[in-house]
Amino acid sequence: MRLTVQLLAAFSLLAAATAAPAAPTCQTALGQTIKCGTDGAMPVGWAPDQLPAIQAAAPSMTEIWGPLALCFLLLTLIALMPKFDGSRGADWDPQEGDERR
């Protein structure tokens with residue numbers, strides 16, 4: 001009886017163990033199988049038939065100029081602001097409770 005319980009416990013542990021998953025394989029842009037993380041490897045799950053869709057989704061230079069111009073304009077406006085460090089009393093508006101002299 002004791003041997004049967006030990007065998008049953010050992011079998012249960014072995015049956016519950018899962019197999020180690022294999023490392024994923026990647027593909028090159030030409031569709032060749034290659035080890036992931038090497039030069040020329042595409043992301044995991046990528047397929048060569050997705051290349052035209054990815055290239056079509058990439059923004060063109062004309063679409064990039066608008067946000068770049070907006071950032072440049074914002075930085076220009078910040079650069080043109082007057083200097084303010086708050087060290088002088090004249091830098092601040094009068095607050096409630098301030099006495100005028």
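Computed from the coordinates by the stated procedures, all read-outs in this text should not be read as laboratory data. Since the structure is predicted, the reported quantities are computational estimates derived from the model, not experimental observations. In this analysis, Cβ positions are derived from the backbone assuming ideal geometry, glycine residues included, and neighbour counts consider all displayed protein chains.
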May I ask you to sort C26, C71 by Cβ crowding, counting other Cβ atoms within 10 Å and putting the fewest first?
C71, C26
Take M81 and A47, extend 7 Å from each Cα along the Cα→Cβ direction, and tell me the distance between the two endpoints in nm.
5.1
At 1.002 mPa s and 20 °C, Stokes diffusion of the chain via Kirkwood alpha-carbon radius, µm² per second
96
Amide H within-cut-off set for I34, under 5 Å, with H built and near neighbours excluded:
C26, Q27, T28
Kirkwood-type radius of the stretch 22-63, with distances r between different C-alpha atoms, in Å
11.3
What's the angle, to the nearest 10 degrees (0 to 90), between helix 61-79's Cα axis and the longest principal axis of the chain?
40
Enumerate cysteines in the chain without a disulfide-compatible partner, where compatibility requires another Cys Cβ under 4.7 angstrom.
C71
Using just the helices of the chain, give the 222 nm mean residue ellipticity in deg cm²/dmol: DSSP H runs with n ≥ 4 each add -39,500 (n - 2.57), and the total is spread over all residues, rounded to 500.
-13000 deg cm²/dmol
Karplus-derived HN-Hα couplings along the stretch 43-50 (A = 6.51, B = -1.76, C = 1.60, θ = phi - 60°), whole Hz, x at Gly and Pro:
x, 4, x, 6, 10, x, 6, 8
